[in-house]
1. For F181, state whether it is of a type in the set (F, W, Y) and either surrounded by fewer than 17 Cβ atoms within 10 Å (Cβ to Cβ) or modelled with pLDDT of 95 or more (or both).
2. Checking K128 against (1) of a type outside the set (A, V, I, L, M); (2) touching a Phe, Trp or Tyr at 6+ places or on another chain (Cβ under 6 Å); (3) within 15 Å of W214 (Cα to Cα), which test does it fail?
3. Can you list residue pairs whose Cβ atoms sit under 8 Å apart, with the first residue in region 185-202 being in the same structural domain as K136 (by TED's automatic domain parsing) and the second being among the hydroxyl-bearing types (S, T, Y) and not in a helix (DSSP H, G or I)? Count only pairs 6 or more apart in sequence or on different chains.
4. I need every pair where a residue in region 106-120 that is closer than 18 Å to N130 by Cβ has its Cβ under 7 Å from the Cβ of a residue that is surrounded by 14 or more Cβ atoms within 10 Å (Cβ to Cβ) and at pLDDT below 80, sequence separation at least 6 or different chains.
5. On the basis of being modelled with pLDDT under 95 and polar (S, T, N, Q), does T173 make the cut?
6. Would you be able to say whether some residue in region 14-32 is in a strand (DSSP E or B) and modelled with pLDDT of 80 or more?
7. Quick check: anything in region 206-223 of a type in the set (F, W, Y) and surrounded by fewer than 17 Cβ atoms within 10 Å (Cβ to Cβ)?
8. On the basis of being touching a residue at least 24 places away in the same chain (Cβ under 8 Å), touching a Leu at 6+ places or on another chain (Cβ under 8 Å), among the hydrophobic types (A, V, I, L, M, F, W, C) and in the same structural domain as F219 (by TED's automatic domain parsing), does I145 make the cut?
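The values are calculated or read from the model by the stated rules, or taken from the named source; none is laboratory data. For clarity, every value in this text was computed on a predicted model and none was experimentally measured. In this analysis, Cβ positions are derived from the backbone assuming ideal geometry, glycine residues included, and neighbour counts consider all displayed protein chains.
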Amino acid sequence: MSIENTDLSTIFMCNKCTKSYRLKHSLTRHMKFECGKEPKYTCDLCPRKFKHKYDLNVHIKGKHIGIKKRSGDLPQKILAKLLALETNMAILLGQKSLNNEIYQPEKTLQSEIKIMNTTDDLKEFDLKLNNKGYFKTMLINLSLIGGNSLNETIRNVMKRLLAHRLQLQCNWTGKLGKHNFSSHKNLNNLIVETVRLKYKESTVVEIENTIKTWLRGAFDRGGGRQKRAKAN
């Protein structure tokens, strides 16, 4: 709708909210892209979302320009990964929140990931992850593990955490006399958050299904497949 102001110029008002515009196309854009709409432009380099592509471009230039200036003529894919890593590490280290608000970093524990050999190691590690600083430090360390796909990244993270002898002792549900890997909630949350730093759209179900499959394949990774082939 439109009304007349005291200067005899037309003001175009949104009938869903209180915003008003002097130009009709501004109101049309507001109703099409803004009013009651979810942001549809997502930054590939951090979790921020925007309703206008222009705002996204301004954000990228303002927030991610530092590494671009240092990167020279790197290929676009490599540059994107570097940008994402820079932003993720800043978030993890407490330099910024997901909304890019600056706050004082939390004091973290400087600990390296030690591969686990026994179920007692699993229980102890899961208990340590109750400490937020320790959890964050482990998340930073695991986030440096790469992979060319979602599944490969999950497998690489699992290999970094569990020695083969422990892999053989575990399955997802604890059936058949094996250790229940799903019971370690903190550890599984750590794996999920680690993977989602790189694959933001991945779901918990996808990640857990890959873990289940990986645990089932432990015997084959230890030479079981070759042993069966020789037996036949």
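1. On the way: of a type in the set (F, W, Y): yes; either surrounded by fewer than 17 Cβ atoms within 10 Å (Cβ to Cβ) or modelled with pLDDT of 95 or more (or both): yes.
In short, yes.
2. Of everything listed in (1) of a type outside the set (A, V, I, L, M); (2) touching a Phe, Trp or Tyr at 6+ places or on another chain (Cβ under 6 Å); (3) within 15 Å of W214 (Cα to Cα), K128 misses just condition (3).
3. Cβ pairs passing all conditions: V195/S202; R196/S202.
4. That search, which allows pairs on different chains as well, returns E106/G94.
5. Details: modelled with pLDDT under 95: no; polar (S, T, N, Q): yes.
When the stated conditions are applied, T173 does not pass them.
6. As a first pass, look at region 14-32 and keep what is in a strand (DSSP E or B): 20-21.
Narrowing further to those that are modelled with pLDDT of 80 or more: 20-21.
Taking every residue of region 14-32 in turn, at least one turns out to be in a strand (DSSP E or B) and modelled with pLDDT of 80 or more.
7. yes
8. On the way: touching a residue at least 24 places away in the same chain (Cβ under 8 Å): yes; touching a Leu at 6+ places or on another chain (Cβ under 8 Å): no; among the hydrophobic types (A, V, I, L, M, F, W, C): yes; in the same structural domain as F219 (by TED's automatic domain parsing): yes.
So I145 fails the test.
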